[in-house]
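Reading through the structure tokens given below for one structure.
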Amino acid sequence: MIGKILGDRYELIEKIGEGGMAEVYKAKCLKLNRFNAVKILKKEFSSNDEIVDKFKKEATAIANLSHNNIIGVYDVGTQDDIHYIIMEYVKGKTLKQIIKEQGKIQSKPAVEIAIQIAKALECAHKSNIIHRDVKPQNILITEEGIVKVSDFGIAKSVSSSTVAHTTAVLGSAHYFSPEQAKGSYVDERTDIYSLGVVIYEMVTGKIPFDADNAVSIALKHIQEEVVPPNKYTPEIPDVLNDLILKAMEKEPIKRYQSVRDLLNDLVKIKNDVNFSVVNNSFDDDHTRIMAPVNPQNSKKAKEKDEDDEDDEEEKSPKKKRKTIILLTLLALLMVSLGVLAASLTLRGAKPKPPENIKVPQIIGMNKDDAEGKLKDLGLNMTIMDTIKSDEPEGTVISANPDVNTEVKRNSTVTVVISGGAPMIKAPELEKLDINAAKQILKVANLELGEVTYEYSDDIAKDVVIRQSPSAGKEVKKDSKIDLVVSKGKEVVFVTVPSLIKLTQSQAKDLLESYNLKLGNVSTKATDNKEEDGKIIYQDKKVNDKVEKGTSVDVSIGKYTPKTVNVGAYISKNQKFEEAEANLNKLVKEYNLKVSYKGLKNEKPSKKDVIVNFTETVEENGELIIEFKEQ
């Protein structure tokens, strides 16, 4: 898979992870020049239409979640039976790796991590998405300490057979809720249980239930009581110990009923608020599961009631009269107390304040005003989080419990405060194509501002040269980013001069004066001595119009004297009388000087035979011929 390009833009670079259903690769986006993570469904699942369909639909649903603690999903696609999801690439470690390295995590950082996980789950639950596979392996911690939860919704696509036979799901079995282990209906409380297990493992360094196989682990989740975490780590606060145990209750109804409730208690622990984790209690009008009524026990109870009635009838009239007298005296006492209370009220006595108080409307108020209003009513306030919003800085944007909820005096109301308008870091747009820049601005909830164009010798046409505000500067949502875009090189035409008969140095100087460049320089043989070292050819015609900066290639002459193949005129064993005419022609044409060897006389006779001669002679050179006299 390494080197494969998906969707014509994502080049797979290296494999960085593997789970029960998918493999994860680091990829480079060839269009935006950035790294992404690509999750690819394993081949054994690619032919299962149900799994593929859920894989795509659930990934699409997660793509709509926007939260700092959730790994972003950017795209979903299929290519050559490869089903993939394009995700945010996070550089860091999994929580599992950190636990293994440290053995256990101290309470304070563990609570901070749990808060960020809970915020991610709350965001998903608001969109009716249940994770179903919350475990340290699916939680990434960036180098900056930001928690990123991944693999939302994927686990629920796994079949029951996979639970028994894949090691990846065996890992998940350690974090199953009892209802998952039973194959029962699950809701957001299953994520709460799994988060409880994760916190347990963080503070103790141990998983609460372990066995040799997934089935045995699942049975322990259903049947065995968990060992309290403070047995392994006595130094953890009692309230954190109780929080973990409540999150891990076997029955969903006994757990935290929403991640928000769990989050509120985590924030209180973080802020050192003195409180106790309250177990869920039930009023009589709540639906509850009751054991079947035993008919035999019901009959005995009825007979006992009848016996009691007979006893009442047998009471003496005297006893009945005593009862009536006592009731009458009690009634008179109650009336007297009522009159006394009314009298004290009229005299200005302060009535006892009510035990239950309705939470007032504080959303939209400044945090100081809201805290004052709550204090006046006998309630406390703690800030759970400060997040960016469109509300003015310091404004209460949410509260728990909700307005008009009855709470006991001295209860704490947790609030979320606005940190002011959300700020966004301006993305890096320089050296990107203008169309790619527009897409990035849209994704970043920013607008394209003024676009101006200018020529550039270095930046290609339609590529961003500069931006304002600059990359990395914090701006408000919907802010405009101005761009300066390249028009490419400015085209200026110049006339090509003649370079013939110039030296290389002279030609270079002349071309530069015309805003042209000397290109490739080659040599070309010439038999004209006057052309030696001079330009004898140029590839651009004289007086042609070419673009400024164009290169002109030239050829420089290299003098090479003419040579002659003497054998083309005369031959060995040839008599002089037969060769004389051609020899004279050769000598005249190439202006040769002839020397004879092997003769007594200066000139050969007609019958003398040529024995040897110089094979190749340069123009104006010497030709030596050897004869044998006859």
Amide H contacts under 5 Å for Ala22, placed H, 5+ residues apart: Lys42
Potential extension, Ser470-Glu88 segment - 0.36 nm per residue separation minus Cα distance: 135.2 nm
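Where the convex hull is taken over the Cα atoms of the range 441-520, what is its projected area averaged over directions, in nm²?
On the way: hull surface 31.7 nm².
Its average projected convex-hull area is 7.9 nm².
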Label zone at Lys548 (point 7 Å along Cα-to-Cβ), backbone N below 12 Å, the range 511-540: 514-516
Solvent-accessible surface ranking, highest first, for Thr560, Thr523 at 1.4 angstrom: Thr523, Thr560
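Could you compute how fast the range 18-110 diffuses translationally, taking Rh as the Kirkwood radius over C-alpha pairs and applying Stokes-Einstein at 20 °C with viscosity 1.002 mPa s? Give it in µm² per second. Numbers along the way, then the final one.
Details: Rh = 15.1 Å.
For the chosen part, D equals 142 µm²/s.
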Using θ = phi - 60° and Karplus 6.51 cos²θ - 1.76 cosθ + 1.60, couplings along the range 66-72 (whole Hz; Gly, Pro as x): 10, 8, 5, 9, 10, 5, x
Cα centroid separation - the range 409-488 against the range 204-229, whole Å: 50 Å
Probe 1.4 Å, all protein chains present, accessible-area order of Cys29, Cys123, largest first: Cys123, Cys29
Derived scalar couplings ³J(HN,Hα) [the range 210-219; Karplus, 6.51 cos²θ - 1.76 cosθ + 1.60; whole Hz; x for Gly, Pro]: 9, 6, 7, 8, 4, 5, 5, 5, 4, 4
Under 5 Å, built H, 5+ apart or other chain: amide partners of Ser456: Lys487, Gly488, Lys489, Glu490
Among Ser486, Ser551, Ile535 - extreme Cα towards positive end, dipole of the range 476-560, charges at beta-carbon: Ser486
The range 383-454, accessible area per residue, ligands and nucleic acids excluded (1.4 Å, Å²): 57 Å²
Placed amide H near Tyr537: partners under 5 Å, 5+ positions off or other chain: Ser555
Whole-Hz couplings from phi, Karplus 6.51/-1.76/1.60, listed for the range 612-629; x for Gly and Pro: 7, 7, 5, 5, 10, 10, 7, 4, 6, x, 10, 10, 10, 10, 9, 10, 10, 5
Tensor-based shape of the range 167-272 (alpha-carbon gyration tensor, a/c under 1.5 rounded, otherwise prolate or oblate): oblate
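The values are calculated or read from the model by the stated rules, or taken from the named source; none is laboratory data. All figures in this text were calculated on a predicted structure; none of them were measured in a lab. Cβ coordinates were reconstructed from backbone atoms using ideal geometry, including for glycine residues, and neighbour counts include every protein chain displayed. Ligands, DNA and RNA are excluded from the accessible area calculation, which covers all protein heavy atoms including side chains. Shrake-Rupley method; radii C 1.70, N 1.55, O 1.52, S 1.80 Å.
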